[in-house]
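The values are calculated or read from the model by the stated rules, or taken from the named source; none is laboratory data. All figures in this text were calculated on a predicted structure; none of them were measured in a lab. Cβ: placed from backbone, ideal geometry, glycine included. Neighbour counts: every protein chain shown. Surface areas here come from the heavy atoms of the whole protein model, side chains and all, with no ligands, DNA or RNA. Shrake-Rupley method; radii C 1.70, N 1.55, O 1.52, S 1.80 Å.
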Amino acid sequence: MATFSGGGDKNEATERHAHVVGWGMAVPESALTNEELSTFVETSDEWIFARTGIRQRYIADEGESTATLAYKAAQQALEVADILPTDLDLIVVATSTPENIFPSTASLVQDWLNAHDAGAFDLSAACSGFVYALNMAADSIRAGSIQSALVIGAETMSRILDWQDRSTCILFGDGAGAVVLQASEVPGGVLSSVLRSDGAGSDLLGIPSVGSIDADDSRASSNGAKLYKMYMAGSEVFRFATRVISESIEQTCTAAGIQVNDIDLVIPHQANLRILQAAARKLGLDADKFMSNVERYGNTSAASIPIALCEAIEQKRVQDKDHIALVGFGGGLAWAAMLIRWGVPEPSEQHGSMFNRQRRHVQYRIAKWRSRSRRWRRRVNRKVREIRV
Ligand code: COA
C-alpha cells in the first residue's frame, strides 16, 4: 500500500486528509486526425488547430465503451496505489455519456473489478464532473465515513456528437482517467474546493435526454437540439469559461490560504488551448503553468482532467509538496476548482508489489466468475419458483 513521505505539524497530524495515491488513464485504440475529419466534415486542420489547439482525438470503436475505458483506467490507478479492489469503499464515475441511464457505469466497474465492498454511483456535472466527484470523495474521507475511493472521469463523446455539426464535432474525443484517493494523517492532499453552477446557462451547452421537457415526437428540442445530440453556443461558452477559470482558482486559493502565485501547476479541463491561454493571462500566471494536452485528445469532458493529471505526473511536472490546481467548466453551466498539496507515494511503492499485483489479477478473474455465478443462481432460483407455482 502507498505510503507518504514528509512530515507535518503536530496539530494537523491527528486530522484526516485525502491524498491522491494512484492514477491511470485509457484511450481508445483509434485516433482521428483533423485531416481525416476534414474528409467528411467541411473543415480543415488549419482552422481547427488555429481556433482550438486540437490536432487529433481518440474515438471508441464497437468493442469500446465508457465502462471499458473506465475499467482500464481504474486498473492502472489501483496498480499505482497498490491496493486491492476489495479495499475500496466507494467508486464514483463522472460522466455525461454513461453506459446506461441506470445501472450506473460505476456499478459495472465495481462488478468487473470485484470491488464488492464499495458503493458505486455516477455523477453528472458535465466537464466539471471529475472535480465535483473528487470533492465528494475527499469530503467522505475527511469526514471519516470511508477510507479509500476510486474516482473516475470517463466519456465516449463520439456517440453523442452530431457529426453533421462542424462547430461541435471537431472538438470532442473519448477517454477515461482515474485516481485512487486515500485517508491519511499526513497533512496535505485535497486542501479546498469551490463548486458552482448557473442553470440559467443550460441552453448554451447540453445533450437532451429521455426526461427532456422538449423531447417531443419529432425528437427535437425547442432550441433545435436533437435528442441525445450535443448543442453548444460556442462563443458564449468561450467567454464563460475564461471568466470562471480565473475566478474559481482565486477562490480556491483564498479558501486554502495560499496566493495564486504559489500554484505550481494548473490542470484545467482541456476544452480549447485559447481558453487556457486567456485564463492564464487573467490570473497573471505563465502559460507553462497550465498543463495542456488538448492537441492529442481534444475535449474528453469529465475525463480530461484525470488524463492531463496522469500525463503531468509522467512528465515529472508534479512533485512532492507542489500546489496543484484542478479546474473544470462546462455544461450546467457548472464549474469547479480544487487545490491539492501533492504527497507523492514513496518511489519504491509506486509500481506495487508483485504479490499484490497477482492478488489483483486473481480478483479480476474472480469478478468475472462471481458475476456469472450470481446471474446463474438468480436464473435457477427463478425457475425453481416458477416450478413451485
Ligand atoms: N471549420 C471551419 N469553419 C468553421 C468550423 C469548422 N469546424 N466551425 C465553424 N466554422 C465557421 C463558422 O461557420 C463561421 O463562419 P462565418 O463567419 O462564415 O459564419 C466562422 O467559422 C466563425 O465561427 P465562430 O463560431 O464565430 O468561431 P469561433 O472563433 O467562435 O470558434 C469554437 C468556434 C467552437 C472553436 C469556439 O467558439 C470555442 O472553442 N468555444 C468554446 C467551446 C468549448 O470549449 N466548449 C466546451 C466547453 S466544456
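Every residue, every condition in (1) surrounded by 23 or more Cβ atoms within 10 Å (Cβ to Cβ); (2) in a helix (DSSP H, G or I); (3) of a type in the set (G, A, S); (4) within 16 Å of the ligand (Cβ to nearest atom), yes or no:
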site	(1), (2), (3), (4)
R142	no, yes, no, no
A149	yes, no, yes, no
G153	yes, no, yes, yes
Q164	no, no, no, yes
A200	no, yes, yes, no
P208	no, no, no, no
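Among the residues of the stretch 94-145, those that are in contact (Cβ under 8 Å) with a residue 60 or more places away in the chain and closer than 14 Å to A67 by Cα comprise A94, T95, S96, T97, I101, D111, W112, L113.
Return the only residue of G175, G234 being out of contact with any strand residue (DSSP E or B) (no Cβ under 8 Å at 6 or more places or on another chain), open to solvent by less than 40 Å² (accessible area, probe 1.4 Å) and modelled with pLDDT of 90 or more. Before the answer, list the steps.
Numbers: G175 fails: out of contact with any strand residue (DSSP E or B) (no Cβ under 8 Å at 6 or more places or on another chain).
Selected residue: G234, the only one of G175, G234 that is out of contact with any strand residue (DSSP E or B) (no Cβ under 8 Å at 6 or more places or on another chain), open to solvent by less than 40 Å² (accessible area, probe 1.4 Å) and modelled with pLDDT of 90 or more.
Condition (residue is closer than 14 Å to P306 by Cβ and not β-branched (V, I, T)) applied to the stretch 193-207: is it met by at least one residue? First the steps, then the outcome.
So the first thing to find is which residues in the stretch 193-207 are closer than 14 Å to P306 by Cβ, and the list is none.
Within the stretch 193-207 (the criterion being closer than 14 Å to P306 by Cβ and not β-branched (V, I, T)), the answer is no, since none of the residues qualifies.
Looking only at residues in the stretch 96-128 that are touching a strand residue (DSSP E or B) at 6+ places or on another chain (Cβ under 8 Å) and β-branched (V, I, T), the one that is surrounded by the fewest Cβ atoms within 10 Å (Cβ to Cβ) is T97. Total residues in the stretch 80-91 satisfying the condition of being out of contact with any helix residue (DSSP H, G or I) (no Cβ under 6 Å at 6 or more places or on another chain), open to solvent by less than 10 Å² (accessible area, probe 1.4 Å) and not β-branched (V, I, T): the figure is 2.
Among the helices (runs of 4 or more DSSP H) confined to the stretch 280-389, the ones with at least 2 residues that are open to solvent by less than 30 Å² (accessible area, probe 1.4 Å) and either more than 16 Å from the ligand (Cβ to nearest atom) or within 30 Å of D87 (Cα to Cα) (or both) are located at 304-314, 354-388.
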